[in-house]
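The values are calculated or read from the model by the stated rules, or taken from the named source; none is laboratory data. As the structure is a computational prediction, the values presented were derived from the model and not from experiment. Reconstructed Cβ throughout: ideal geometry from the backbone, glycine too, with neighbour counts over all protein chains shown.
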């Protein structure tokens, strides 16, 4: 294995984490504004591979950030070769965006008694993709645009159906939203207490992400011992990202909740102490959203 391969994971972790820390330090949560209303694939969406499969984990945040910086409209991302295979090409002079995938390498060691052992060590490999906006000659749907939708009713109805299909115990009352792991229920203020339907739905997306941490589901814990410790901050970051991912899937504008502003400082501490924390949080958030999607009725074959 080359020295470059050994150092690459640290470079990726550090670079991505530092960019998020920089945004949070200015009070900006980079996962809250990565969409454009112009593309036909949807007003809000996760980044999509060339075949329409949504990206997962840290790649969502990395590509959202790239799209936001460059003002890209299309949610589709392709490698140089994929663009060629689809009959198009990357425009001359365009700069690609990095994404990563997990890989392993085998490491052999000798024990004290002379036995040889082999261990698979995980690491991240990086490759480059281009937004469809950076390409020419692709099939029309990669760049199709429409006027932004003005009617919210259909979108919210779809979200409400999704929430109902989770079979979560959602109770109404009080003046704050939270998930009780002891009682395994979500408490939501009355619908009328929210500014609009999207505020209510995005808040519920956050609490449903918390719901997946229950031992009977994904059993996510992070070693949290008390309110406000690093484990607590990590779970809140997972719920924050999970909510953003799920809102993208349901075409809901994520709500910038005032009570979450206080979390930024604790997130900064977690991210600065552990360069891999946001990668882990994004991975857990994707698993949580996948779990909630798995509770939906599956189409008949």
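Going by the conditions given, is residue 201 surrounded by fewer than 24 Cβ atoms within 10 Å (Cβ to Cβ), assigned by TED's automatic domain parsing to the domain that holds residue 162 and free of Cβ contacts under 8 Å to residues at least 60 places away in the same chain?
Considered against the rule, which asks whether it is surrounded by fewer than 24 Cβ atoms within 10 Å (Cβ to Cβ), assigned by TED's automatic domain parsing to the domain that holds residue 162 and free of Cβ contacts under 8 Å to residues at least 60 places away in the same chain, residue 201 comes out as no.
Condition first: modelled with pLDDT under 90 and assigned to a loop (DSSP other than H, G, I, E, B). Now tell me which residues in region 104-144 satisfy that.
111, 112, 113, 114, 115, 143, 144
Return the residues of region 32-55 that are modelled with pLDDT of 75 or more and either touching a helix residue (DSSP H, G or I) at 6+ places or on another chain (Cβ under 7 Å) or surrounded by 13 or more Cβ atoms within 10 Å (Cβ to Cβ) (or both); say none if nothing qualifies.
In the first step, residues of region 32-55 are kept if they are modelled with pLDDT of 75 or more; the result is 45-55.
Those that are modelled with pLDDT of 75 or more and either touching a helix residue (DSSP H, G or I) at 6+ places or on another chain (Cβ under 7 Å) or surrounded by 13 or more Cβ atoms within 10 Å (Cβ to Cβ) (or both): 45, 46, 47, 48, 49, 50, 54, 55.
Give the residue, chosen from 217, 213, that is modelled with pLDDT of 90 or more, farther than 24 Å from residue 12 by Cβ and touching a strand residue (DSSP E or B) at 6+ places or on another chain (Cβ under 9 Å).
Every option except 213 fails the conditions.
Can you tell me which condition residue 101 does not meet? The list is (1) under 30 Å from residue 275 (Cβ atoms); (2) under 18 Å from the mean Cα position of the chain (by Cα); (3) surrounded by 15 or more Cβ atoms within 10 Å (Cβ to Cβ), and all the others hold.
With respect to (1) under 30 Å from residue 275 (Cβ atoms); (2) under 18 Å from the mean Cα position of the chain (by Cα); (3) surrounded by 15 or more Cβ atoms within 10 Å (Cβ to Cβ), residue 101 is out only on (3).
Restricting to region 262-275, count the residues that are surrounded by fewer than 18 Cβ atoms within 10 Å (Cβ to Cβ) and outside any helix (DSSP H, G or I).
2
Report, by residue number, each residue of region 56-95 that is assigned to a loop (DSSP other than H, G, I, E, B), surrounded by 17 or more Cβ atoms within 10 Å (Cβ to Cβ) and within 20 Å of the chain's Cα centre (by Cα).
Selection gives 56, 57, 72, 73, 74, 75.
Which pairs do you get when a residue that is closer than 13 Å to residue 54 by Cα, found in region 241-252, comes within reach of a residue that is modelled with pLDDT under 90 and not in a helix (DSSP H, G or I), reach meaning Cβ atoms under 6 angstrom, with the pair 6+ apart or on two chains?
Listed pairs, sorted by first residue: 248/44; 248/45; 248/46.
Would you check if there is a residue in region 12-24 being at pLDDT below 65 and under 25 Å from residue 276 (Cα atoms)?
No - not one qualifying residue is present in region 12-24.
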